[in-house]
Amino acid sequence: MSYSSQTKEELCRFEPDSVCCLLAELSGIVSAAGSVIFRGGGEKRLSVETENSAVARRAFRLLREVFDVQPELVTLHRARLGGRNAYRVELAGEDASFVLEGCGIELSQRRGVPREITVRKCCRMAFLRGVFLACGSVTDPEKEYHLEFALEDEAFAAAVQRLIARFDLSAHTIMRRQTTILYLKGQSEITDMLSILGAQTARFAMEDAYIRKELRNNANRAVNCDSANVQRAVTAASRQTQAIERVLAAMGEESLPPALLQTARMRMAYPEVSLEELGRLLDPPVGKSGVNHRLRRLEAMAQEIEEEEAGHGADGTSAS
């Protein structure tokens, strides 16, 4: 089961503390996924369609508990869903009108967030939970952080966006095949939204995934940093040994002060060790900065020798 489906399964087990929150959640489901068909004689038929069986059962139960009506639950077999089932919860006649009115949905007006049903904060949270159950999804946090609501009604999407903003969260919109996508990006905002919806287990799973990612990233950064440091040390040691070879070839060991000669010999004998380790091999031991100073003197001497040789070649004094 996907992370998104697990989140919806959890939300379908959520038990609000009051009937008003049950009504608000049902209103969110009907507002986002409900459609009304007028049949002969002006009869209304309300249907809520979903591809998630847990959401269908949730809508069915809420209709019975909140409005004491007897909806019909129909299983649909559709080839376009890759052979997967879809589910439709239906009501007809006076029951449909009763539910629409109770959910604060007026067909003659642009669909929005019913104010009378979302007065309390807990009810606003419940309404968002219903909208998410009806048309929401959330990506597996091991892959990326993305939560969205796919809404066919642009005006309703704008109303839901304003409702989300009341929780200090910023939802953005894009159009995808004539559907308004209301989405949140970023681990922090999505975990806050999951908490608002009531999906605490999903929130903890996302936070755990975030911590694991950070640990992996920190470990990778540490490895990369160590590798870079090793490479820099190898390059520096190679440069130092080449400088020492040039100095010894041009001047001989007897020309070097004892401290520089000892350091030069140790570097040639142990080209792979760090400056700190090299300093401990000297007698008496020398600190890292002292070893670095001596090696820089040897490199400077090699540079001077190279410049002198280049100068002799340029003015022809070394030509035979």
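The values are calculated or read from the model by the stated rules, or taken from the named source; none is laboratory data. Source: prediction; values computed, not measured. Heads up, the Cβs are rebuilt from the backbone with ideal geometry, glycines too, and the neighbour counts pull from every protein chain shown. We work out accessible area using only protein heavy atoms, side chains counted, and drop any ligands, DNA or RNA first. Shrake-Rupley method; radii C 1.70, N 1.55, O 1.52, S 1.80 Å.
Over the range 1-57, with the other protein chains present, what is the accessible area per residue in square angstrom, probe 1.4 angstrom? Present the calculation step by step, with values, prior to reporting the outcome.
Working: 2590 Å² over 57 residues.
Ligands and nucleic acids excluded, the result is 45 Å² per residue.
Between the helical axis of 3-12 and the longest alpha-carbon principal axis of the chain there is an angle of about 40 degrees.
At 1.4 Å probe size, with the rest of the protein present, what percent of the exposed accessible area of the range 21-83 is carbon and sulfur atoms?
Details: 1410 of 2970 Å².
That share works out to 47 percent.
Whenever you get a sec, compute what percent of the accessible area on the range 143-198 sits on carbon and sulfur atoms (1.4 Å probe). All intermediate terms of the calculation are to be shown ahead of the outcome.
Details: 1180 of 2780 Å².
Of all accessible area on the range 143-198, carbon and sulfur atoms account for 42 percent.
For the range 18-134, the fraction of C-alpha pairs more than 25 angstrom apart is 19%. Per 20 Å bin, what is the whole-percent P(r) computed from every C-alpha pair distance within the chain? Pair shares across the bins are 25, 31, 11, 18, 13, 2. The simple Förster model, with R0 at 30 Å and r as the Cβ-Cβ distance, assigns Arg61 and Ala155 a FRET efficiency of 0.55.
Return the FRET efficiency for the residue pair Asn217, Val74: r is the Cβ-Cβ distance, R0 is 51 Å, and the value is rounded to the nearest 0.05. All intermediate terms of the calculation are to be shown ahead of the outcome.
On the way: r = 48 Å, r/R0 = 0.94.
It comes out at approximately 0.60.
Helix 258-269 and the longest principal axis of the C-alpha atoms of the chain enclose an angle of approximately 50°. Beyond 21 Å in Cα-Cα separation lie the following of the pairs Lys8/Lys143; Lys44/Lys121; Lys8/Lys185; Lys143/Lys213: Lys44/Lys121.
Antiparallel beta bridges, as assigned by DSSP with both residues in the chain, represent about 100 percent of the total such bridges. Surface composition of the range 224-305: carbon plus sulfur atoms contribute 53% of the solvent-accessible area (1.4 Å probe, protein chains only, all chains present). The angle between the Cα long axis of helix 53-67 and the main principal axis of the chain comes to about 40°, on a 0 to 90 degree scale.
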